[in-house]
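Presented below is the structure to which this report refers.
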Amino acid sequence: MQKSVFGPPIVFNAPWNINFEDRLAVLMRPECRRRVAYYYDVPDTSTFRYRVFNMVAALNARVGDVAASWFCRADLDKMEHFIEYADVLIIARARYGLGTARLISRAKMRGIPVYFDCDDLVFNTDYVHLVANTLDQNLESEAVLDSWFARISRHGALMKLCDGAIVTNAFLARQAEAFLQRGEARIVPNYLNREQQKISTSLYNTRRINNFKNDGRINIGYFSGSPTHNHDFAIAAPALAQLMKDDPRIHLRIVGFLEMKGDLAAHSDRVEFLPLQDYLNLQRLIAEVEINIAPLQSNLFTNCKSELKYFEAAIVGTVTVASPSYTFQKSIVDGENGFLSATYEWDEKLRRACALVDKPEDYIAIAKNGFGHAVQNYSWDIHAATIMSAVFRDDSIMTEMPLAASLDESLGAI
């Protein structure tokens, strides 16, 4: 990969390394009239970051209105301290256990609502086979089946103890409602956090100032994350291999876990593997490629997924080619702010995307559209009212916050 124009890697310190007393103090702020407690088993850089950390930060930005904080498994022996102050409890993708069941029971004894927040179809055992197969798990293994049935059933058992669900999109909402058979699942999309957006905007501006010039290569990135995306990547792999054969400028960057198979192995000298990254340095690595790919199998499970692979790239000015899943279709206008590719179209769409590198004005137009769309729809500070409406089930709250700021105003606020 080319030498980075962005300087050395970013020094990252997990911002959720906060002790219990300080987190409780945030929840108990006396000037706030409503308090939201989030629970997640063990903080991490994936679901916790998007569904808990980002939510808490957005709510606490509403000065004097609402206090929000998060708690985890290590805090369960002190649950009375935060449950006694909370007006609502959000359980984020946790599994059933004595501690979590008691936590919900205590909340219900106080008469406060409890909602289960989930970003994936991981609560209904009817779909264990679909989920495990999509994630390239060995379904002939008794241990694998035991693990997946246990994991999904424990999510589902805890979800059914709650009063309702909060999910990332309307497709997943329908699945949650069918599973619970009561109430309406509310929607709060995934979005960027403040530091992630600040760093990303800086990266975008650096690229914009340099007119998105590269070093003569065409860099394609696949940011897989977990080691369960072999089947997804296989959708685009043949087209990638042919493209790399036809054009020696094509280089492939893979961040995360992936097995290199088939014809792509012949181009291993132009394939770069990098380990999992923190969410700030991930943005830096995405900004160093011209094309981001997000292939997905087409099924019930993948259509429940959020569009974060698109907006994480768009916010740094990288053009995405994605499968037409439910959320990608909702966020990407083909040829305007990215590309949508059916399974049989990957060769065509990748070639169209790569051709933009030789037409800088066209690349810049799509990158600018993607960036503007990401700022308008996935900024850290525009979803507080959506969260409030979902957790308090009061749609009138949606009118309390102004509409999303304009692009220039959003950038000036970071």
Around LEU243: net Lys/Arg minus Asp/Glu count, Cβ-Cβ under 12 Å: +1
Degrees between helix 346-355 axis and first principal axis of the chain (Cα, 0 to 90, nearest 10): 70 degrees
Accessible carbon and sulfur surface of the range 1-143 relative to its total accessible area, %, 1.4 Å: 51 percent
Gaussian network model of the chain, Cα within-10 Å springs - most flexible of TRP380, TRP148, TRP70: TRP148
Cα-derived Rg over Rh, computed across the chain with Rh taken as Kirkwood radius: 0.97
Between 0 and 90°, nearest 10: helix 360-378 axis offset from the chain longest Cα axis: 0 degrees
Max mean-square fluctuation residue, GNM over the chain, Cα-Cα springs under 10 Å, options ASN54, ASN193, ASN211: ASN211
Candidates ALA101, ALA390, ALA313, ranked by Gaussian network fluctuation over the chain, Cα under 10 Å, top entry: ALA101
Net charge dipole size for the range 186-225 [Lys, Arg +1 and Asp, Glu -1 on Cβ; Debye, nearest 20]: 120 debye
Prolate/oblate/rounded label for the range 239-362 (Cα gyration tensor, a/c 1.5): rounded
The range 223-299: relative contact order as a whole-number percent, Cα under 8 Å and 6+ apart: 40 percent
Assigned charges on the beta-carbon of Lys, Arg, Asp, Glu; the chain dipole about Cα centre (debye): 620 debye
ARG174 paired with HIS231, simple spin-label distance in nm, labels 7 Å along Cα-to-beta-carbon: 2.1 nm
Accessible area per residue in Å² at 1.4 Å probe, computed on the range 211-281: 44 Å²
The chain: calculated mean residue ellipticity at 222 nm from DSSP helix runs of at least 4, using -39500 (n - 2.57): -12500 deg cm²/dmol
Heavy-atom accessible surface of the range 265-353: percent carbon and sulfur, 1.4 Å: 51 percent
Shape call, the range 271-322: gyration tensor on alpha carbons, a/c limit 1.5: prolate
Label point distance in nm, ALA266-LYS359, each placed 7 Å from Cα along Cα→Cβ: 2.9 nm
Members of LYS78/LYS160; LYS213/LYS368; LYS309/LYS368 lying beyond 20 Å, as alpha-carbon distances in this model show: LYS78/LYS160
Degrees separating the helix 194-209 axis from the principal Cα axis of the chain, which is the longest one: 20 degrees
Computed label-point distance, nm, for sites SER396 and LYS213 using a 7 Å Cα→Cβ extension: 5.8 nm
Whole-percent carbon and sulfur share, accessible surface of the range 189-263, 1.4 Å: 50 percent
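The values are calculated or read from the model by the stated rules, or taken from the named source; none is laboratory data. Predicted, not measured: the structure shown is a model, and the values here were computed from it. Cβ coordinates were reconstructed from backbone atoms using ideal geometry, including for glycine residues, and neighbour counts include every protein chain displayed. Quick note on the areas: whole protein, heavy atoms, side chains included, nothing else; ligands and nucleic acids left out. Shrake-Rupley method; radii C 1.70, N 1.55, O 1.52, S 1.80 Å.
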